[in-house]
Amino acid sequence: MLVYGSGLLCRALLNRHVTKRCIHYLKRIVIQDKPLICKRWLSSSYVCLNKNVANIDLSEFPPENIRNFSIIAHVDHGKSTLADRMLEETNVISKSSNNKQVLDRLQVEKERGITVKAQTASLCYTYNGTKYLLNLIDTPGHVDFNYEVSRSLAACQGVILLVDANDGVQAQTVANFFLAFDKDLPMIPVINKIDLPGAQPDIVMKQLNKLFDIDPEQILKISAKFGTGVDDVLKAIVDRIPPPKAATDKPLKCLLFDSWYTMYRGAVVNIAVLDGCMKKGDKFVTHHNKKVHEVQEIGVMHPTELPTDVLYAGQVGYLISNMKNIKDAMIGDTIYHHNKPVDPMPGFKPAKPMLFAGVFPSDQSQFSALKTAMEKLTLNDSSVDIHLDSSEVLGQGYTLGFLGLLHMDVFITRLDQEFGASVIVTAPNVPYKVKIIGKQNIKKYGGDSVTVLNPCKLPPTSIITEYQEPMVKGTIISPDKYMGEIISLILVRVISFRMYVYQL
């Protein structure tokens, strides 16, 4: 335990964000000769305590002076490091060697050194005498958290495509490029880690040109670790990314693109204001369930919650009301003022689970606590598919659908770290489909095709005519020197090899 004093203060720090009031309280404690809190907790990874909390007047930023963008890349290509340097360059946090993964606030992110949850931050940047509001969304790089990326892009008008100068274009570089390409978002290609001894920026530039038809003259070269070229990236954001198409004189229309749960304030949601403005005390309606809520707190992430009492058209921020569960805060929902309905946004395509596992409380008396923990955690991770389940041995529990093994591991770890839930997890498996015959059987199972998530619930083999398993249709992009090993692997595995093409 890193906190030497109050347990209540410890829980406040463990919460996802530290509030403005808590910052003031912490500053008073640290100034004393014998601080109650270990210095590690007070690093700028949580808050910047060595400067006054900024006050931002959002009325100074009309839509044409706003830029909303995401950083997308393969895992470990330096997204979080670049976000740290941007926060320093715009004076959101002071420059310090302790600024590492400032926007990664989850304990599991700190322990593993990866980003698993998209985070936002609003930056004030002056360029050519004009003050701009840059709304940054730092996204995960691992394929298991790709749903976070797709949601984040809905609130952006452009992206930074970050590529490692040493490793070059990798799998998620390609996947994230096409996510942004499908949404027709302008991209700023950036080659990072040019300070490494093995850096090959010229070769990586050729890769970007061949794979994505990116003009080499448009590519920026930086070292996020040392801050080299970061100011050029900020200038490019203003020059190359268009402002949001928003109007302050239209009725309020917001996109709810993320949410999370806090112990003392319930559900907190991230919104992008598409039209109009929202103020503290306003009553609004969520299109999905038509419930009326009142704005209790509203503001921007700077990098933690900074109340501003208002958000204007084109801006991205957070909202706290009396939402308590995932049904109230549906990801992709449209928000509008009470009695002023608008046409809803199309929402997000649901995440498709790749594997399933059973999760049961280690003690059946804790099932209600596990249910509550599930509801709160799925506010923060809506890509998890949940089904009630029961087992003769393990009792009542859930079958959960995940996007991958790492996604499952992180979710279970968060259940333990954030909610103290002790669970038993069954071996993960993929869904299967079976075709059945017989009118009574088809009526019993609700159709002639049955999806099986649990082997124990497989229909009798006597009525099954066909078994189906998930298949992947994939494309492998690789340097030609690895082709021999790749073809050998394909021949060993149960893989249907169609064709290969050489590109000069």
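The values are calculated or read from the model by the stated rules, or taken from the named source; none is laboratory data. Everything quoted here is computed from the prediction, not taken from an experiment. With ideal geometry, Cβ positions are generated from the backbone for all residues, glycine too; neighbour counts draw on all protein chains shown. In case anyone asks, the SASA skips ligands and DNA or RNA and just uses the protein heavy atoms, side chains included. Shrake-Rupley method; radii C 1.70, N 1.55, O 1.52, S 1.80 Å.
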Practice task
Just grab the label-to-label distance for VAL174 and ALA369, each label 7 Å out from Cα along the Cβ direction, in nm (one decimal).
Solution key: 4.7 nm
Practice task
Find how much the distance from THR130 to GLU469 grows on full extension, using 0.36 nm per residue of separation minus their present alpha carbon separation; answer in nm with one decimal.
Solution key: 116.3 nm
Fill in the blank from the handout: So for R0 = 22 Å, FRET eff. of ILE203-ASN98 from the Cβ-Cβ r, to 0.05, ends up at 0.05
Problem - Check: the chain dipole with +1 on Lys, Arg Cβ and -1 on Asp, Glu Cβ, in debye - result: 960 debye
Fill in the blank from the handout: Residues other than TYR147 with Cβ under 12 Å of its Cβ, Lys/Arg counted +1 and Asp/Glu -1, net out at -1
Problem - Distance between modelled label sites at LYS291 and VAL425, nm, 7 Å Cα→Cβ extension - result: 2.9 nm
Problem - Helix-derived mean residue ellipticity, 222 nm - over the chain, DSSP H n ≥ 4, -39500 (n - 2.57), to 500 - result: -7500 deg cm²/dmol
Problem - Percent RCO, i.e. relative contact order, over the range 266-386, from Cα pairs under 8 Å lying at least 6 residues apart - result: 26 percent
Fill in the blank from the handout: Expressed as a whole-number percentage, the relative contact order of the chain with C-alpha contacts under 8 angstrom and at least six residues apart is 12 percent
Completion exercise
Rounded to whole Å², per residue accessible area for the range 92-144 with a 1.4 Å probe reads 35 Å²
Problem - Reachable lysines from LYS324, criterion Cα separation under 25 angstrom, eight or more residues apart if same chain - result: LYS20, LYS117, LYS253, LYS279, LYS280, LYS283, LYS290, LYS291, LYS340, LYS349, LYS371, LYS376
Exercise for the section: Can you find, among ILE214, ILE487, TYR312, the residue farthest towards the positive end of the dipole of the chain? Put +1 on the C-beta of Lys and Arg, -1 on that of Asp and Glu. Expected result: TYR312
Handout entry: Rounded Å value of the spacing that divides the Cα centres of the range 294-336 and the range 62-140
Key = 19 Å
Fill in the blank from the handout: Neighbours of ALA369 by Cβ distance under 13 Å: Lys/Arg at +1, Asp/Glu at -1, summed charge -2
Practice task
Starting from the Cα-Cα distance between LYS279 and LEU489, subtract it from 0.36 nm times their residue separation and give me the gain in nm to one decimal.
Solution key: 69.7 nm
Handout entry: Probe 1.4 Å, accessible area per residue of the range 379-481, Å²
Key = 63 Å²
Handout entry: Accessible-area composition of the chain, carbon plus sulfur, in percent [1.4 Å probe]
Key = 52 percent
